[in-house]
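Quick notes on the structure that follows.
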Amino acid sequence: MDTIIFGTGGLGRALAAALVERGEPAPRLLGRPALGHHRASDLQAAEVVFEASRGEAVVPNVATALAAGCRRFVIATTGWDDARPAVDQALRAHGAAAVAAPNFSLGVVLFSRLVETATALFGAVEAFDPYLVEWHRRTKVDRPSGTARELSRRILAAHPAKRRLVDPCRDGPPMSDELDVAVIRAGASPGMHLVGFDAPGETVELRLTARDRSAYAAGALAAADWLVRERRGPGLHPFDPVVDELLERSRRSVAPISA
Ligand SMILES: NC(=O)c1ccc[n+]([C@@H]2O[C@H](COP(=O)([O-])OP(=O)(O)OC[C@H]3O[C@@H](n4cnc5c(N)ncnc54)[C@H](OP(=O)(O)O)[C@@H]3O)[C@@H](O)[C@H]2O)c1
């Protein structure tokens with residue numbers, strides 16, 4: 001698989017290592033461009049483009065890769081939610097497809113589904129109050145993390161009483177229809193997400209802790225394989241169908257998925 005990786009940070013390097021480890025040709029790893037933007041004439045089309053840079057770079061990087069003839073994208077970068085319609089439109093205009101997710105860890109997808117189920121269960125018991133805590137390295141730019149946003153979206157959708165997030169700038173206790181999300185930026189943590197349900201006499205917590213970026217890289221490669229395996233419809237795709245296909249293949253072959 002011939003690949004381009006936008007982003008030479010921790011995730012870009014983890015993706016490059018994962019590709020090389022499974023015997024793929026060395027990817028073209030592109031960092032912050034000296035001129036402020038990449039040029040299509042400097043890129044040759046690649047079978048798959050991985051976007052792992054910064055939120056504000058997603059639109060120009062995808063546009064440049066499209067102009068260079070690239071048609072399959074795995075967008076792992078977070079912090080570009082407002083640009084989703086523009087990216088989707090650009091992809092469709094070129095008949096290109098992208099899998100985009102704030103978190104490519106298979107564990108996180110399964111965790112998110114568990115959180116949804118847990119929210120429905122505990123939400124039926126008024127005494128249990130849900131909350132979310134996320135902790136990432138000091139230098140992470142966006143807050144809350146893309147994964148925390150997705151988890152809170154799922155909690156709000158599954159809970160009978162919670163309708164919105166607590167405004168972090170407001171003093172005083174949360175309203176009964178508000179979900180509190182706590183963000184920690186300290187040290188070097190590659191990512192910790194905790195969803196809890198607190199009642200007067202007990203607390204139930206679900207916690208997912210990333211040890212390094214290998215799980216993100218493995219999932220991003222699975223998304224690339226999904227794009228290459230079959231021609232997918234143009235535009236943005238979530239990670240869920242990739243995971244569903246992996247689970248289905250695992251069920252059929254009775255072989256566990258390697259994450
Ligand atoms: N979806 C997932 O599973 C997942 C997992 C982990 C991380 N992420 C997200 O992926 C992104 C990268 O994560 P990271 O941990 O590798 O962050 P990082 O260590 O900050 O690396 C980002 C790199 O991209 C470079 N960059 C900036 N503009 C660029 C451009 N136009 N083209 C190419 N590279 C550019 C940055 O250079 P400068 O330092 O000069 O700005 C930096 O080296 C973040 O948005 C993060 O939230 C997603």
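The values are calculated or read from the model by the stated rules, or taken from the named source; none is laboratory data. Predicted, not measured: the structure shown is a model, and the values here were computed from it. A quick note on method: Cβ atoms are made from the backbone with ideal geometry, for glycine too, and the neighbour counts reach across all protein chains shown.
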Considering only residues that are within 8 Å of the ligand (Cβ to nearest atom) and part of a loop (DSSP other than H, G, I, E, B), which ones fall in the range 37-74? H37, H38, A52, S53, R54
Suppose the filter is under 20 Å from P238 (Cβ atoms), within 16 Å of the ligand (Cβ to nearest atom) and free of Cβ contacts under 8 Å to residues at least 40 places away in the same chain; does V108 pass it? no
Please find, within the range 202-215, the residue that is surrounded by the most Cβ atoms within 10 Å (Cβ to Cβ) out of those that are at pLDDT below 95 and not polar (S, T, N, Q). R213
